[in-house]
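Before I ask anything, let me first share the structure, which is written out below as structure tokens.
The values are calculated or read from the model by the stated rules, or taken from the named source; none is laboratory data. This structure is a prediction, so every number in the text was calculated from the model and none was measured. Cβ placement follows ideal geometry from the backbone for every residue including glycine, while neighbour counts extend to all protein chains displayed.
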Amino acid sequence: MFDIQQFLNQHSRIVEGPTAKGEMFLDRCPYCGAPKTHKSSFTVSKVRPVFYCYRCGTKGNWTKLVSKLGKMSYQAAGLIVGHVKANKTEEKKEEQIVVRFPTSAMWSTRAVNYLEKRQIDAKTRDHFHLYFCNSGKYRDRIIVPVFHKGERITFQGRTVLPDGDPRYLSPPNDGKNRLLFNYDSLSTKIKVVILAEGPFDVIRLYQNRVTAVCSLGKSISDTQIALLKERGIKKVILMQDRDALVRIDKGIGKLWRKLSSQFDVEIAPVMCKNDPGELDRAETQEILQSTCCSAYELKRMKFETKRRQYANGRKAADIS
Ligand SMILES: [Zn+2]
């Protein structure tokens with residue numbers, strides 16, 4: 001359930017209320033900017049989903065206000081408030097999709113070896129409800145379920161074969177661009193989250209006692225950003241695979257630009273070490289202490305990545 005009072009506390013300042021009638025007054029109107037004088041002019045109802053400014057007369061529903069204060073689209077705000085009007089047909093269509101989960105099988109030696117190679121222990125494996133599938137379309141894949149608010153929505157199947165293609169396979173049109181892997185582990189107390197590249201990075205980071213999430217694709221959608229905002233996230237640390245830094249202008253740079261309009265964004269320089277999925281606890285901590293946050297630093301990091309690659313004798317053609 002959406003809590004308007006909690007949202008306001010995160011994005012503005014309530015100077016009075018909730019009153020007996022459920023009215024909350026903000027110190028400043030986000031539309032006309034009128035500050036609190038003798039009495040605040042901007043009121044939001046906690047009981048009914050509406051707001052009103054006594055000075056400029058702007059009024060509307062919570063979704064409009066959440067969109068304004070949270071700097072997000074009306075559509076994204078609607079998802080947070082749980083009051084989606086736009087695109088309702090699309091919403092309905094997506095709701096009807098019920099993902100069928102592949103059947104579970106005994107863990108094969110290969111699958112066990114894969115988890116061992118990734119150094120994922122049994123406790124972590126069970127925490128994420130991982131299981132093995134050995135038949136049909138998802139044969140030889142570890143099934144990684146994606147939960148959202150306690151519900152098992154969809155999954156990704158990671159091949160355990162060295163030449164398995166694609167590496168990750170998931171059901172089509174499962175609404176994955178509206179979900180974040182490991183989202184349920186974000187409590188409203190957590191203000192900083194790591195955005196990793198894939199589920200196994202997130203799983204490994206969990207084992208290193210660091211909270212991370214990932215989108216289930218290369219980019220991040222407005223809905224996924226809205227989900228982070230809903231949990232009150234203030235800072236996002238991008239921790240992507242080493243190779244992502246070579247693709248700075250496209251991959252990580254694009255993410256960085258999109259996220260930095262909404263959050264403080266920092267980049268964890270994983271390229272000095274391994275991929276996030278291979279780090280141990282000490283290395284994770286070390287990397288998290290050396291994040292950078294400016295365009296200048298990003299350029300320097302990119303330069304450093306290239307330099308290292310040349311030093312490692314990689315072909316110049318690999319570096320785009
Ligand atoms: Zn106003």
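Just to confirm my filter: which strands (runs of 3 or more DSSP E) fall fully inside segment 12-68 and include at least 1 residues that are of a type outside the set (Asp, Glu) and touching a residue at least 24 places away in the same chain (Cβ under 8 Å)?
Correct list: 14-16, 42-45, 50-53.
Of all residues in segment 136-165 being modelled with pLDDT under 95 and among the small types (Gly, Ala, Ser), which is surrounded by the fewest Cβ atoms within 10 Å (Cβ to Cβ)?
Filtering segment 136-165 for residues that are modelled with pLDDT under 95 and among the small types (Gly, Ala, Ser), the one surrounded by the fewest Cβ atoms within 10 Å (Cβ to Cβ) comes out as Gly150.
Filter segment 213-224 down to the residues that are surrounded by 21 or more Cβ atoms within 10 Å (Cβ to Cβ) and in contact (Cβ under 8 Å) with a residue 40 or more places away in the chain, then identify the one that is nearest to Arg257 (Cα to Cα).
Of everything passing the filter in segment 213-224, Gln224 is nearest to Arg257 (Cα to Cα).
Name every residue in segment 258-309 that is of a type in the set (D, E, K, R), closer than 22 Å to Gly198 by Cα and at pLDDT below 70, in order of residue number.
Residues satisfying the conditions are Lys273, Lys302.
Can you tell me which residue is modelled with the lowest pLDDT among those in segment 12-66 that are within 16 Å of the ligand (Cβ to nearest atom), among the hydroxyl-bearing types (Ser, Thr, Tyr) and within 28 Å of Leu228 (Cα to Cα)?
Out of the qualifying residues, it is Ser12.
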